[in-house]
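J.: There's a structure below that I have some questions on.
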Amino acid sequence: MKSSELLEVDEIHTYYGDSYVLQGLSLTASEGKIVAILGRNGMGKTTLIRSIFGLTPPRMGSIRFRGGLISGLAPYQIAKLGMALVPQGRRIFKNLSVAENLSLPSSFLALGSRIKARDSLWNDASVLAEFPQLKDRLKNGGSELSGGEQQMLAIGRALIANPHLILMDEPSEGLSPLFVKHVGTIMTRLKQLGHAVVVVEQNLSLALSVADFVYIIAAGRFVFHGTPSELRTRPDILNEHLGVSGSKSI
């Protein structure tokens with residue numbers, strides 16, 4: 001693997017108890033690039049995200065981030081190195097206000113003196129400028145937000161940490177077409193700002209419209225890796241592993 005890559009996942013094997021889930025996966029992600037992880041349900045996509053972030057550590061293989069080995073580190077240690085997670089299902093704190101949710105990452109990271117939010121690209125003001133629909137909801141509890149607003153809050157909360165790499169697990173899940181389009185716009189903007197994004201996504205059209213590189217996982221192994229253009233020329237892969245009968249719509 002190239003040492004210049006921001007993220008290097010090398011032959012990881014991850015288990016849940018005796019269940020062998022990830023069976024030797026390798027991938028890379030670079031600054032200013034979007035990597036999409038595709039596949040049917042239950043194939044290991046979320047486990048891959050959890051393995052990278054230290055929530056379900058692999059038993060074998062290695063993960064390097066910004067040149068350093070992070071295999072075996074706790075999630076909070078990985079976060080302090082500059083990685084953020086937008087988890088499946090948003091996972092915002094619904095009993096806290098929008099403002100309180102946004103304050104959590106910078107308060108936590110300040111303990112490690114990694115960043116000073118006011119001197120960084122993302123802070124309260126810049127996040128609210130990016131997601132103006134949250135500006136008028138700062139005092140509202142997380143449970144009072146729509147699904148789309150909750151997703152914006154989850155992404156904004158991740159950005160407050162000023163990460164180099166953002167992991168997104170099913171960011172368009174359960175959203176209206178309008179908000180799905182908004183999520184695509186956000187990912188493209190993050191890429192333009194130099195962030196790396198690794199995104200697990202079921203919405204194939206969305207994933208292929210934003211991704212620079214695509215991996216398809218089946219039964220814990222990658223069965224395809226290449227560019228969106230290359231995937232569009234593989235109807236066999238699209239049909240067998242994604243249930244897409246043709247490439248015209250993508």
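The values are calculated or read from the model by the stated rules, or taken from the named source; none is laboratory data. Everything numeric here is computed off the predicted structure, so don't read it as measured data. With ideal geometry, Cβ positions are generated from the backbone for all residues, glycine too; neighbour counts draw on all protein chains shown.
J.: Out of segment 195-209, which residues are part of a helix (DSSP H, G or I) and within 19 Å of P87 (Cα to Cα)?
T.: Our first condition is that a residue be part of a helix (DSSP H, G or I); within segment 195-209, this holds for 204-209.
Residues satisfying the conditions are L204, L206, A207.
J.: Under the condition of being surrounded by 22 or more Cβ atoms within 10 Å (Cβ to Cβ) and either in contact with a Leu (Cβ under 6 Å, 6 or more places away or on another chain) or over 23 Å from M83 (Cα atoms) (or both), which residue from segment 166-194 is modelled with the lowest pLDDT?
T.: Here the residue is S172.
J.: Given the condition touching a residue at least 12 places away in the same chain (Cβ under 8 Å), under 23 Å from G54 (Cβ atoms) and of a type in the set (D, E), answer yes or no: does some residue in segment 209-222 qualify?
T.: There is no residue in segment 209-222 that is touching a residue at least 12 places away in the same chain (Cβ under 8 Å), under 23 Å from G54 (Cβ atoms) and of a type in the set (D, E).
J.: Looking only at segment 149-165, count every residue that is buried (at least 20 other Cβ atoms within 10 Å of the Cβ) and outside any helix (DSSP H, G or I) and tell me the total.
T.: Adding up the residues that qualify gives 4.
J.: Here is a follow-up. Which of (1) within 17 Å of the chain's Cα centre (by Cα); (2) outside any strand (DSSP E or B); (3) not aromatic (F, W, Y) is the odd one out, the single condition R64 does not satisfy?
T.: (2)
J.: Here's a follow-up. Among (1) modelled with pLDDT under 95; (2) touching an Asp or Glu at 6+ places or on another chain (Cβ under 8 Å), there is one condition Y16 misses while meeting the rest; what is its number?
T.: Failed condition: (2).
J.: Shifting gears a bit: What pairs can you find where one residue is in segment 136-151 and without any contact (Cβ under 8 Å) to a residue 40 or more places away in the chain, the other is aromatic (F, W, Y) and part of a helix (DSSP H, G or I), and their Cβ atoms are less than 6 Å apart, with a gap of 6+ or different chains?
T.: Taking only residues 6 or more apart or on different chains, the pairs are G148/F179.
J.: With outside the structural domain of G67 (by TED's automatic domain parsing), surrounded by fewer than 22 Cβ atoms within 10 Å (Cβ to Cβ) and not basic (K, R) as the only criterion, which of S229, S209, S146, S205 stands out?
T.: None of the others qualify; the one that does is S146.
J.: Also, quick follow-up: Every residue in segment 219-242 that is at pLDDT below 95 and out of contact with any helix residue (DSSP H, G or I) (no Cβ under 9 Å at 6 or more places or on another chain), please.
T.: A219, T233, R234, P235, D236, N239, E240, H241
J.: Same structure, new question: Failed condition for P57, given (1) more than 29 Å from S19 (Cβ to Cβ); (2) in contact with a helix residue (DSSP H, G or I) (Cβ under 9 Å, 6 or more places away or on another chain), with all others met?
T.: (1)
J.: When the residues of segment 34-89 are filtered to those that are closer than 28 Å to H241 by Cα, of a type in the set (G, A, S) and in contact (Cβ under 8 Å) with a residue 24 or more places away in the chain, which remaining residue is surrounded by the fewest Cβ atoms within 10 Å (Cβ to Cβ)? Walk me through how you get there before you give the answer.
T.: Here is the first cut: in segment 34-89, the ones closer than 28 Å to H241 by Cα are 34-63, 85-89.
Cutting the leftovers down to of a type in the set (G, A, S) gives us 36, 39, 42, 44, 51, 54, 61-62, 89.
If we keep only those that are in contact (Cβ under 8 Å) with a residue 24 or more places away in the chain too, we end up with 36, 39, 44, 51, 54, 61-62, 89.
Working: A36: 25, G39: 22, G44: 24, S51: 24, G54: 21, G61: 17, S62: 16, G89: 12.
So the residue we want is G89.
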